[in-house]
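Quick one: structure below, then a few questions.
Read-outs: derived from the displayed coordinates by stated rules, not from any lab. Here the structure is a predicted model, which is why all the values come from computation and not from measurement. Reconstructed Cβ throughout: ideal geometry from the backbone, glycine too, with neighbour counts over all protein chains shown.
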Amino acid sequence: MIDTAQAFGVDIGGSGIKAAPVDLTIGDFAEPRKKILTPEHSTPEAVGAVVKQLLDRFEVSDDVPVGVAFPAPVKPDRPLSFMANLDQAWVGTNVQDVLSDACGRPVSVVNDADAAGLAEVQYGAAKGQKGLVIATTLGTGIGTALIYNGVLIPNSELGHLILDGKDAEKYAASSVRDRKKLSYKKWAGRLTKYYRLLEHYFSPDFFVVGGGVSRMSEKFLPHIKIDTPIVAAKLRNQAGIVGAAYQADLQQKHLG
Ligand code: BGC
């Protein structure tokens with residue numbers, strides 16, 4: 001692994017597993033990322049093997065902190081209670097143990113939206129932002145991160161609020177736009193309802209919109225009609241990897 005990187009980040013998504021060495025001084029990749037498609041049967045064994053393959057491809061040495069952004073609410077000392085978009089065999093496992101065993105080294109695991117939110121606050125669109133920031137990721141599902149005055153309140157799972165009688169991510173995620181072939185404008189109508197719901201319950205000061213689709217933000221952000229400022233993620237789809245690496249580095253320092 002290139003020596004301008006201080007940590008390594010992996011982002012496990014519903015369609016791809018992406019990884020890169022991260023330069024934490026600038027909050028960016030130190031080398032181009034690599035991506036492997038998420039196995040169709042995305043069991044702990046299959047996904048663990050892909051994460052290990054990515055570590056091997058980058059020749060990540062043992063002293064480098066490794067962080068993994070994971071698409072479910074994760075508590076380091078508890079078995080997983082809920083999984084929306086990967087194989088149900090994950091439920092009941094300790095994700096941190098599963099992935100550490102698969103990699104043959106300790107890795108630290110953080111919810112993927114929380115990782116993205118942390119990266120946006122540390123290096124990106126929400127840097128220096130006071131009050132309540134809600135960072136959202138629009139992809140296979142909807143991920144959310146609540147950050148109050150720079151402090152993360154983890155595992156918020158607001159993509160599963162009920163909207164129009166449905167799990168919100170089944171109504172407004174980017175994958176729904178693809179599947180239903182909605183125009184960006186039509187999709188923005190759905191997003192307006194979703195962000196209004198968040199406004200109603202949380203009175204946030206600032207929204208950040210991440211996920212792969214954030215690179216097309218000019219097509220849908222102007223059509224989201226809400227009162228709170230809403231901007232595209234600055235780190236775009238890199239935020240999960242950068243945030244996971246940042247968090248792993250902090251944890252390694254903290255644990256000595
Ligand atoms: C999961 C969240 C995750 C989000 C984005 C949701 O279905 O429950 O934990 O952050 O998808 O991947």
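I want to verify the translational diffusion coefficient of segment 1-77 in µm²/s; compute it with Stokes-Einstein, Rh as the Kirkwood radius over Cα pairs, at 10 °C and 1.306 mPa s.
Result for D is 123 µm²/s.
Pop a pseudo-label 7 angstrom from the Cα along the beta-carbon direction at both H200 and D167 and give the gap in nm to one decimal.
2.1 nm
What lysines does K186 reach when the alpha-carbon gap must be under 19 Å and sequence neighbours fewer than 8 apart in one chain are set aside?
K166, K170, K219, K225
Using the crude model of +1 on Lys and Arg Cβ and -1 on Asp and Glu Cβ, and no other charge, please compute the dipole size for segment 7-111 relative to its Cα centre, in debye to 20.
240 debye
Run the reach check for K75 against aspartates and glutamates, Cα to Cα strictly under 14 Å, same-chain hits fewer than 8 apart removed. What comes back?
Those aspartates and glutamates meeting the cut-off are D97, D112, D114, E157.
Quick one: work out Rg over Rh on the C-alpha atoms of segment 109-151, Rh as Kirkwood radius.
Dividing the radius of gyration by the Kirkwood radius yields 0.96.
Please sort 141-148, 12-19, 212-219 by packing, taking for each peptide the average over its residues of neighbouring beta carbons within 10 angstrom, highest first.
141-148, 12-19, 212-219
Taking N as the number of residues in segment 148-211, what is its alpha-carbon radius of gyration divided by 2.2 N^0.38 Å?
Ratio of Rg to 2.2 N^0.38 Å for segment 148-211: 1.18.
Okay, next question. Sort all Cα-Cα distances of segment 125-233 into consecutive 5 angstrom bins from zero, then give the percent of pairs in each bin up to the one containing the longest distance.
2, 13, 25, 28, 19, 9, 3, 0
Among the lysines, which fall within straight-line cross-link reach of K52, defined as a Cα-Cα distance under 18 Å, with same-chain neighbours fewer than 8 residues apart omitted?
K18, K34, K35
What do you get when you divide the Cα radius of gyration of segment 63-178 by 2.2 N^0.38 Å, with N the number of residues?
Relative to the 2.2 N^0.38 Å estimate, segment 63-178 comes out at 1.12.
Where does the Debye-calculated log10 I(q)/I(0) of the chain sit at q = 0.11, 0.12, 0.15 Å⁻¹, using only Cα point scatterers of equal weight, no solvent?
Values returned for q = 0.11, 0.12, 0.15 Å⁻¹ are -0.54, -0.65, -1.02.
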